Amino acid sequence: AQTVTQSQPEMSVQEAETVTLSCTYDTSESDYYLFWYKQPPSRQMILVIRQEAYKQQNATENRFSVNFQKAAKSFSLKISDSQLGDAAMYFCAYRTRDDKIIFGKGTRLHILP
Amino acid sequence: GAVVSQHPSWVICKSGTSVKIECRSLDFQATTMFWYRQFPKQSLMLMATSNEGSKATYEQGVEKDKFLINHASLTLSTLTVTSAHPEDSSFYICSARDPGIRETQYFGPGTRLLVL
């Protein structure tokens, strides 16, 4: 069975600085999708970025980028120029072959003004 | 992106009553929807996969007689918590898969259920 592990329950970063959230996963599948979702206090799940496993190039969305290491089964999220609005719970997620999404336990990110 | 709505956004009910939560895809047809449960300060746990026109598929440990799922149309799935008890109090979130963008699921805003 697939698993997703986020080892950092909480992190803090100074506004305008860069922070990296870690995620590792385990799977026997060769083709899959990985995601980072953001859950602000409103609890609405927001897709931040997605990565297709067969693509070697790391996905980037404005200030958000990932470091995808397929062999190491690692999928970290880098947030550059952190803003107060980035404060939220961040979930790393894996999409299984039958479209189910498995979430990690989350990392709560605090932005320090 | 695609929009998924949920109704109600919050509900308080007495123990023993049943509560129905609706999940709608507003601008696309969703043959598959998913129901999650999230306890405070915890992650989302998949409860079941809702397939239009067929029976839902429940995850291990989820009581299908307790959590009734109906996916009667391509834009609506409902979750009914039957004979609710305080331990059913939680945040319930649905998601829908846009067939045109298969790898992405869009999430509803969630429903907070409090059973007294």
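The values are calculated or read from the model by the stated rules, or taken from the named source; none is laboratory data. Predicted model only: the values in this text are computed from it and were never measured. Quick reminder, even Gly has a Cβ in these numbers, built from the backbone with ideal geometry, and neighbours come from all protein chains shown. What goes into the accessible areas is simple: the full protein's heavy atoms, side chains included, and nothing from ligands, DNA or RNA. Shrake-Rupley method; radii C 1.70, N 1.55, O 1.52, S 1.80 Å.
Key figures
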item: Whole-Å distance, taken between Cα centres, linking segment B:76-96 and segment A:1-74; result: 28
item: Accessible area in the full protein assembly, largest first, 1.4 Å probe, for A:52, A:61; result: A:61, A:52
item: 20 Å Cα-Cα reach of residue B:55 towards aspartates and glutamates, excluding residues that sit fewer than 8 places from it in its own chain; result: A:98, A:99, B:22, B:63, B:65, B:98
item: Residues with amide H under 5 Å from that of residue A:108, placed H, sequence gap 5 or more; result: A:10, A:11, A:90
item: Accessible carbon and sulfur surface of the protein assembly as shown relative to its total accessible area, %, 1.4 Å; result: 50
item: Neighbouring partner chain Cβ atoms per residue of B:104-110, average, 10 Å criterion; result: 5
item: Set B:20/B:64; A:38/B:20; A:105/B:20 screened for pairs whose C-alpha atoms are more than 20 Å apart; result: A:38/B:20; A:105/B:20
item: Shielded by partner chains, segment A:38-59 residues - at least 20 Å² of accessible area, 1.4 Å probe, vs chain alone; result: A:39, A:43, A:44, A:45, A:50
item: Most positive-pole-ward Cα, A:60, A:5, A:19, against dipole of segment A:3-112 from beta carbon charges; result: A:5
item: Inter-label distance, nm, simple model (7 Å from Cα along the C-beta direction), residue B:60/residue B:112; result: 3.3
item: Rounded accessible area of residue B:45 (nearest 10 Å², 1.4 Å probe); result: 120
item: Accessible surface buried once B binds A (1.4 Å probe; total of both sides; Å²); result: 1800
item: Approximate spin-label separation residue A:56-residue B:14, in nm, with each point projected 7 Å along Cα-to-Cβ; result: 6.6
item: In sequence order, calculated HN-Hα J values of segment B:75-85 (Karplus, 6.51, -1.76, 1.60; Hz; x Gly/Pro); result: 10, 9, 10, 10, 10, 10, 8, 8, 6, 5, 10
item: With DNA, RNA and ligands ignored, accessible area of residue B:27 (1.4 Å probe; Å², nearest 10); result: 90
item: For residue B:75, distant residues with modelled amide H under 5 Å away; result: B:30
item: Exposure of residue B:18 as accessible area (Å², to 10), given a probe of 1.4 Å and all protein chains; result: 80
